[in-house]
Structure formats: C-alpha cells, structure tokens
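Notes to accompany the following structure.
Nothing in this text is a laboratory measurement; each read-out follows from the coordinates by a stated rule. In this text the structure is predicted, and so the values were computed from the model without any measurement. When we count neighbours, we look across all protein chains shown, and the Cβ atoms used for this are built from the backbone with ideal geometry, even at glycine.
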Amino acid sequence: MGISVAMLTQAEFGRPKWFFAFSQDDSLFLKTIYQIWINRNNKKHGKSWASPAMVAAVVLGNFNLVNLSILSKQWDTTRLYSIGLSCCPPPSKWLKVNIDGAFREPYKAGVGVVVRDSAGKIIVAAGKQIMHWDVAYIELQSISLLRDVLNEDIKGAMGIIIEGDNQSTLNWLQKHVNSYPTVRGFTAIGTGGDDFVNAMVVAVESVLHEPIPEDRVTHKLSSRGKYVSVNIGPIRVVSSEQVQAVYNAMRRDERMKYFL
C-alpha cells in the first residue's frame, strides 16, 4: 500500500502543517510519514537523500527499544541484518556499524552506513551516491564513508563491530586493520554459569589445538546473575581466519549471546 506524502516547493518551509493533526504519540506510522517527507524534500531540492532501508533505519533508531529484547541468537559479525525491531545492539560502550552498497541502475550506486550505540539507538546514519560499475569497489566506498562520519562519535567507545553482506569487503577490512600473528583475548557472554565457562574454553582449545592455562580464564556474573562473561586470554592467534574459527566454535553453543 502506498502512502501519499506532501512535498513543499520550498525547502525552508520546515515541517508540514498537517503532520501535527495526528496524535503526538510515538507511533511507528507517524515517524515513518515524517521521515519519508524529509527524505523526499531532500531529493527534490538536490540535497543528499537516503534509500528506503536507510529511512527505515532512522525511524527504528528513534523508536523506543527499552522494552525490546536486545539479544539475538543469530548474532553474526559477517552478516547484515534486515533492519527491524529485533536488531541486536552491541555490548556496553561499544558501537555497531552496518555498511552496505547497492546499484540503483547501471553505473549509479549508493552506499550507506548506520551506527548504533549499546542502547540500540542510531547515532550516525549517512549515505551518498557514486558512479561506478564494480560492486566490490562500491562496498569499499561504504568503508570510506564510515571514516568520514565517525569522528567525535567514537570517543569513549571501547570497540567497533562492523556488519556487512560482502565477505570480501570485511576480509579486506580485517586484513588492513589487524596484523597477524598477534596476541589477543576472547570474550563470550551467555547463560549457563560454570558449565558455559567450561564450554567456551573447550571451544577455543578445539581451534588452537592446545590447552588454555587456568590463569588465562576469568569470568564474572552480571548484576542480576542471569549472564556470565567469560574472558579467555591473552593467547596467540595467527590469522583472521583463526579468529573467525574460534567465534564459529563458540557460537555453536546456543547459550552464547555475544562474542568480543
């Protein structure tokens, strides 16, 4: 079903007057109407404008997520989630970035990034149009856009999780950001107490093919005792593929919710 939206002839008119005839609640419908109106006027007056997916991201990013579950059993750092209310925010003090690029028509493409904080709220959403023919190049331009928009917003962040639907782009980013071999730790957050702790240790050992010393395994319970955070390390890893293998081994346990 289509929605007719007013388009003003002058950009400086501000919000449409008819918008306030609706209820002032935080309904998804009103937020969607308003963001579509803003986006169409931006396009009409030659300003940067967003794809429908980006508009949806902005709407949902401003929606109240307090009563929604922030955990996802399918959390995956190499996969772009469909934007929705089941979006899985990053751990406390981390940022999660979704990157994407796609062709609208031959040689015309768009790239976009959405950055969320640990509360699931969008703190940055940006996009731009570019002329090119190679999909890999388009995806890499989303990384360039991310560099341009992340400035003051990343101060105080402990880390950044990047999600996308192009494995080669993520591999390129991993290769250029991280150098191997290196020493690092692995953190898994899940349920199950001591049994979960032991399962995570076994998962890491199955990839490294060597026992993990007891003094390199620590854990602590959440304030309400529902979740346990397991930290394993520092340990030596030789490649990004080995890091991914550790993550794959850990996530086979359905109790795991987060991996750092």
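For the reader, a short list of remarks on this structure follows.
- By the count of neighbouring beta-carbon atoms within 10 Å, fewest first, Ser142, Ser179 end up ordered Ser179, Ser142.
- Computed extension gain for Asn42 through Arg236, at 0.36 nm per residue and net of the alpha carbon distance, reaches 64.8 nm.
- Each peptide in 44-53, 199-208, 224-233, 108-117 gets a packing score, the mean of other Cβ atoms within 10 Å over its residues, and the list from highest to lowest is 108-117, 199-208, 224-233, 44-53.
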